[in-house]
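Chemist: This is the structure I want to talk about, given as structure tokens.
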Amino acid sequence: MIYIWFCILVLYLGAIRPLAYENKLPRSYTVDSPRVTNTTTSSDYSSSKGQNKEYTAQYMRKPIDWQKPSENRPYPNLHTVKNLNIRVNISQNRVYICDGSKTIYTMYCSAGNYGTNPQTHKRVSATPTGTFYIQPERGASFYNASLHEGANYYVSWLNHGEYLFHTVPTVANGQYNVKEANKLGKSTGSHGCIRLSVPDARWMMQNMPTGTKVVIQN
């Protein structure tokens, strides 16, 4: 008789404990489910570098349109990103917004034109490579009279206003230079800054926190 009552008690506790565990979870969680946000969840991104690239590639806008976002999904909610950083690949004409090593958004870009270093005779870009950080300088537009070129929606990452993320270039009257804009995502073209599509640059200017790490490589 004691053994029967013991079995009943074990079965009862086994049924109750999972329910108690689920009721203690925060409202934004369910058992075996990821946290839900208003944009994209971290569970959407593969931990494998190769799979991650394949995953993000399916969202890239094709053909490239410098007047539209680079991806056909919403921009990430940076408030949910734990280890935000930016990686730029000059030769691939891509900017990767990352959470740690995981790419959470990819942008088409055009960085600095390539030239030959007279000392090393190596092919180098006008865009500096290395590790930098987003700086406080940002704004709606600028125009450089000496270069006869400007841009909109800029944010600095080196020398406090010298090297920027910004839109494809504008001319003196404020109109976009369509010939240069069409290089976006296909080739380099700038004097050293990193050009982005108009919506991408606006989002970057409005949302990217000062101090965010930027790693640029050829």
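Since every read-out is calculated from the coordinates, none of them should be taken as a lab result. On a predicted model such as this, the values are computed, not experimentally measured, just so you know. So basically every Cβ, Gly included, is an ideal-geometry build from the backbone, and we count neighbours across all protein chains shown.
Chemist: First check a/c for the range 118-166, with a ≥ b ≥ c the square roots of the eigenvalues of its C-alpha gyration tensor; if it is under 1.5, answer rounded, and if not, answer prolate when a/b is larger than b/c or oblate otherwise. Walk me through the intermediate numbers first.
Modeler: Working: a/c = 3.13, a/b = 1.49, b/c = 2.10.
Because a/c hits 1.5 or more and a/b fails to exceed b/c, the range 118-166 counts as oblate.
Chemist: What list of ³J(HN,Hα) values in whole Hz, one per residue of the range 173-180 in order, does the Karplus curve 6.51 cos²θ - 1.76 cosθ + 1.60 (θ = phi - 60°) give from phi, with Gly and Pro shown as x?
Modeler: 8, x, 6, 6, 7, 4, 4, 6
Chemist: Tell me, what ³J(HN,Hα) does each residue in the range 153-163 have, in order and in whole Hz, if you take phi through Karplus 6.51 cos²θ - 1.76 cosθ + 1.60 with θ = phi - 60° and put x for Gly and Pro?
Modeler: With coefficients 6.51, -1.76 and 1.60, one gets 6, 10, 9, 7, 10, 7, 6, 6, x, 8, 10 Hz.
Chemist: Charges only on Cβ, +1 for Lys and Arg, -1 for Asp and Glu: so what's the dipole of the range 48-217 about the Cα centre, in debye to the nearest 20?
Modeler: Details: 19 positive and 9 negative charges, 105 e Å.
For the range 48-217, the charge dipole is close to 500 debye.
Chemist: Let me ask something else. Which of the pairs Lys102/Lys186; Lys102/Lys183; Lys62/Lys82; Lys62/Lys179 have their Cα atoms more than 21 Å apart in this structure?
Modeler: Lys102/Lys186; Lys102/Lys183; Lys62/Lys82
Chemist: Still on this model: For a quick check: with amide H placed at 1.01 Å from N, whose amide H comes under 5 Å from Val168's, ignoring anything fewer than 5 positions away on the same chain?
Modeler: Hits under the 5 Å cutoff: Leu196, Val198.
Chemist: In nm, give the distance between the simple-model label positions of Ser101 and Lys82, each being 7 Å from the Cα along the Cα-to-Cβ direction.
Modeler: Taking the simple label geometry, Ser101 and Lys82 are separated by 1.5 nm.
Chemist: Based on the Cβ-Cβ distance from His160 to Tyr114, what FRET efficiency comes out when R0 is 35 Å, to the nearest 0.05? Don't skip to the end; give the middle numbers.
Modeler: Values: r = 25 Å, r/R0 = 0.73.
For R0 = 35 Å, the calculated efficiency reads 0.85.
Chemist: Using per-residue counts of other Cβ atoms within 10 Å, averaged over each peptide, order 130-138, 90-98 from highest down.
Modeler: The densest-packed peptide leads the list: 90-98, 130-138.
Chemist: Can you pull the one-decimal nm distance between simple spin-label points at Thr131 and Val171, each 7 Å off the Cα toward Cβ?
Modeler: Going by the 7 Å Cα→Cβ label model, 4.3 nm.
Chemist: How big is the equivalent ellipsoid of the range 65-133 along its three axes, where each semi-axis is √(5λ) from the Cα gyration tensor, reported in whole Å from largest to smallest?
Modeler: Semi-axes (√(5λ), whole Å): 28, 16, 8.
Chemist: Just to confirm a number: summing +1 for Lys and Arg and -1 for Asp and Glu over residues other than Ala151 whose beta-carbon lies under 11 angstrom from that of Ala151, what do you get?
Modeler: Net charge around Ala151: -1.
Chemist: Would you work out if the range 78-218 is rounded, prolate or oblate? Take a ≥ b ≥ c from the square roots of the eigenvalues of the alpha-carbon gyration tensor; rounded if a/c is under 1.5, else prolate when a/b is larger than b/c, oblate otherwise.
Modeler: oblate
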